[in-house]
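Here the structure comes first, spelled out in C-alpha cells, and everything after it is commentary.
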Amino acid sequence: MLNSRRLTSHVTVPISAGLLVNTGSYFDALTHFRSGDPEPIVRQFVDAAFYAIGSGRRLVDELRSVRAAYQEQTTARADSTAWKLIDRLMAQPVVNSGYVVEAFGISGVAAQRAIDRLVESGVLREVTQRARNRVWQADGILTALDDFAAGIRRVRG
C-alpha cells in the first residue's frame with residue numbers, strides 16, 4: 001500500500017513489527033475501533049510506522065558498517081568478483097558457488113576463487129564442511145539481521 005501510493009519506493013516498512021511491540025494496546029485500539037472510535041487505531045499505526053522506520057534505519061546503518069568492514073578486511077584486485085560479491089551478500093548472505101556463477105555470469109572456477117578470497121578475508125565462513133554442495137555464510141550480516149529481529153519483541157499486556 002505504501003509503495004503503490006508512492007510513499008516508499010524501495011523499502012517495505014515493517015509496520016507489523018511496531019504493532020507487535022505492545023499487543024495489548026493494539027487489541028485495545030481494535031476494540032475502540034469496533035465501538036466507533038478510530039483515533040486509537042490510527043494512533044497505533046502512526047506509532048508503529050515511526051517505530052518501524054527507526055528500527056529499519058538502525059538495521060541499514062548496521063549493514064552499512066558490516067559492508068564497510070568487509071571491504072576494509074578484504075584484499076583483492078580492483079576487478080575481482082569478490083568486491084561485487086560483498087555487495088551481493090547484503091541481499092543474499094548465504095551462498096553457494098552455483099549462486100555466484102549465476103549472479104555474475106562467471107565460471108565455476110572464478111566463482112570459487114571469489115568465495116575463497118572472502119573466506120581468507122574472514123567475510124565468509126563455510127557452514128557445510130562437505131566436499132560437495134558447499135555453502136558459505138556472511139556471519140556479520142546474519143548477526144545484524146538476528147539483532148534486528150531480537151529488537152522487535154512482543155510485549156504482552
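The values are calculated or read from the model by the stated rules, or taken from the named source; none is laboratory data. What you see is a predicted model, and the numbers here were worked out from it, not measured in a lab. So basically every Cβ, Gly included, is an ideal-geometry build from the backbone, and we count neighbours across all protein chains shown.
Please tell me if THR81 is farther than 30 Å from ASP28 by Cβ, surrounded by 16 or more Cβ atoms within 10 Å (Cβ to Cβ) and either modelled with pLDDT of 95 or more or not assigned by TED's automatic domain parsing to the domain that holds THR23 (or both).
Working: farther than 30 Å from ASP28 by Cβ: yes; surrounded by 16 or more Cβ atoms within 10 Å (Cβ to Cβ): yes; either modelled with pLDDT of 95 or more or not assigned by TED's automatic domain parsing to the domain that holds THR23 (or both): yes.
So THR81 passes the test.
What are the pairs with Cβ atoms under 6 angstrom where one residue, in segment 128-150, is within 24 Å of ASP116 (Cα to Cα) and the other, located anywhere, is exposed (fewer than 11 other Cβ atoms within 10 Å of the Cβ)? Sequence gap at least six, or different chains.
Nothing qualifies.
Go through (1) out of contact with any Gly (no Cβ under 6 Å at 6 or more places or on another chain); (2) surrounded by fewer than 15 Cβ atoms within 10 Å (Cβ to Cβ); (3) modelled with pLDDT of 85 or more one by one and return the number of the condition HIS32 breaks.
Going through the list (1) out of contact with any Gly (no Cβ under 6 Å at 6 or more places or on another chain); (2) surrounded by fewer than 15 Cβ atoms within 10 Å (Cβ to Cβ); (3) modelled with pLDDT of 85 or more, HIS32 breaks only (2).
Got at least one residue in segment 127-140 being in a helix (DSSP H, G or I) and surrounded by 13 or more Cβ atoms within 10 Å (Cβ to Cβ)?
Kept after step one, since they are in a helix (DSSP H, G or I), are these residues of segment 127-140: 139-140.
If we keep only those that are surrounded by 13 or more Cβ atoms within 10 Å (Cβ to Cβ) as well, we get 139-140.
Yes, segment 127-140 contains a residue that is in a helix (DSSP H, G or I) and surrounded by 13 or more Cβ atoms within 10 Å (Cβ to Cβ).
Output the residues belonging to segment 113-136 that are closer than 15 Å to VAL101 by Cβ and β-branched (Val, Ile, Thr).
ILE115, VAL135 - these are the residues of segment 113-136 that are closer than 15 Å to VAL101 by Cβ and β-branched (Val, Ile, Thr).
For segment 71-127, enumerate the residues that are closer than 16 Å to GLY140 by Cα, out of contact with any helix residue (DSSP H, G or I) (no Cβ under 9 Å at 6 or more places or on another chain) and of a type in the set (A, V, I, L, M, F, W, C).
ALA91, VAL119, VAL127
Name the residues in segment 88-126 that are outside any helix (DSSP H, G or I) and free of Cβ contacts under 8 Å to residues at least 24 places away in the same chain, would you?
Within segment 88-126, the subset outside any helix (DSSP H, G or I) is 90-96, 105-107, 121-126.
Answer for segment 88-126, where residues must be outside any helix (DSSP H, G or I) and free of Cβ contacts under 8 Å to residues at least 24 places away in the same chain: ALA91, GLN92, GLY105, SER107, ARG125, GLU126.
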